[in-house]
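Peer 1: I have a structure here, written as structure tokens, and I will follow up with some questions on it.
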Amino acid sequence: MQIHIIAVGDRMPAWVDAGVKEYAKRLPPSMRLRLLDVRAGRRTKGADLARLLRAEGERIIAATPAAAHVIALERTGRSLDTAELARTLAAHMRAGKDVAFWIGGPEGLPNECRARAAEQWSLSALTLAHPLVRVVLAEQLYRAWSILNNLPYHR
């Protein structure tokens, strides 16, 4: 099973890549975590935001493996606690199907992406910086896996 984090934005601070890589290397090869950056549209003063969002959405969809179970991360999505995340992760592992998490840009995900996603989740009722979402998601996926494997990481 592979987990794909597909996120808008391609010039992240070094700490973002370091954080995601740290949790990715802790996961076993049977549950590979892959981060893919999708180019964000240029947000200039007169930019057509609707067109930018559509283009970002097209790039997100194109970068997603065809058979992956897609989960859109949205502030208004369904909240899960860590135990629920672990149970959900276990179900995906049993199914052997790849999972793709979508993270939008400054304006979030376009309607086309939200409509195509199988689920919408929220990591927090707070609005999180998009670079931080990548690290928080990677850490929570590792935490869920550690619960499933009775590791002391989750106390």
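Peer 1: Considering only region 18-55, how many residues are crowded, with 16+ Cβ neighbours inside 10 Å, under 15 Å from the mean Cα position of the chain (by Cα) and not β-branched (V, I, T)?
Peer 2: 7
Peer 1: Sticking with this one: Do we have any residue at all in region 136-146 that's more than 16 Å from the chain's Cα centre (by Cα) and surrounded by fewer than 13 Cβ atoms within 10 Å (Cβ to Cβ)?
Peer 2: No: zero hits.
Peer 1: A further question on this structure: Name the residue that is modelled with the lowest pLDDT, counting only residues in region 58-102 that are buried (at least 17 other Cβ atoms within 10 Å of the Cβ) and of a type in the set (D, E).
Peer 2: This residue is E74.
Peer 1: Same structure again: Scan region 123-142 for residues that are polar (S, T, N, Q) and modelled with pLDDT under 95 and jot them down.
Peer 2: S124, T127
Peer 1: Could you say whether any residue in region 88-102 is in a loop (DSSP other than H, G, I, E, B) and under 16 Å from the mean Cα position of the chain (by Cα)?
Peer 2: Yes: region 88-102 contains one or more residues that are in a loop (DSSP other than H, G, I, E, B) and under 16 Å from the mean Cα position of the chain (by Cα).
Peer 1: Kindly establish whether A117 is modelled with pLDDT of 95 or more, of a type in the set (G, A, S), closer than 18 Å to R32 by Cβ and crowded, with 16+ Cβ neighbours inside 10 Å. Can you show your working first?
Peer 2: Working: modelled with pLDDT of 95 or more: yes; of a type in the set (G, A, S): yes; closer than 18 Å to R32 by Cβ: no; crowded, with 16+ Cβ neighbours inside 10 Å: yes.
No.
Peer 1: Could you list, in sequence order, all residues of region 112-130 that are in contact with a Gly (Cβ under 7 Å, 6 or more places away or on another chain) and either assigned to a helix (DSSP H, G or I) or closer than 19 Å to E56 by Cα (or both)?
Peer 2: Residues of region 112-130 in contact with a Gly (Cβ under 7 Å, 6 or more places away or on another chain): 112-113, 120-122, 130.
Listed by number, the residues that qualify are E112, C113, Q120, H130.
The values are calculated or read from the model by the stated rules, or taken from the named source; none is laboratory data. Treat the numbers as computed from the prediction; the structure is a model and nothing was measured. Please note: Cβ atoms are built from the backbone with ideal geometry, for glycine as well, and neighbour counts cover all protein chains shown.
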